[in-house]
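The values are calculated or read from the model by the stated rules, or taken from the named source; none is laboratory data. These numbers were taken from a predicted model, which means no experiment stands behind them. FYI the Cβ positions are ideal-geometry reconstructions off the backbone, even for glycines, and counts take in every protein chain you see. Just so you know, the surface numbers come from the protein's heavy atoms only, side chains and all, with ligands and any DNA or RNA stripped out. Shrake-Rupley method; radii C 1.70, N 1.55, O 1.52, S 1.80 Å.
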Amino acid sequence: MEEVNSMSNTGTAGEYRQAALGSIEVLELCLEKFAFTELTRQQMNQFFRLSSGPAEAENITRRISGVYMAFLSKTNFKLKTAESNSLLFTQLKQELEEIKTALRELD
């Protein structure tokens, strides 16, 4: 997976949006490639350590975290073709699209 640059401290909506979109890109790659690497974990942890952002950032970060945790805990990594994975990934992709919409509306 490609490395996604994110900042350790964001203050503006634009900077936060860029970091959040980077983390969403990482999650989309996880869903597409059915993969999770140490680099992925590091990139997501870096995003979760962001110290500031716009007021709405906390809710968006919580939603991204929910997708991340659902991917890790509910994916059947032993059986890629499991129907439960297909249903889960469809749900998670939809949530990521909704989060992108919320990011576009940040002030």
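Some points to look at:
- Counting only residues that are open to solvent by 20 Å² or more (accessible area, probe 1.4 Å) and part of a helix (DSSP H, G or I), the range 39-88 holds 21 of them.
- Residue count for the range 18-42, restricted to those that are more than 18 Å from Lys74 (Cα to Cα), without any contact (Cβ under 8 Å) to a residue 60 or more places away in the chain and of a type in the set (A, V, I, L, M): 2.
- Residue within the range 50-60 that is modelled with pLDDT under 90 and of a type in the set (Ser, Thr, Tyr) present: yes
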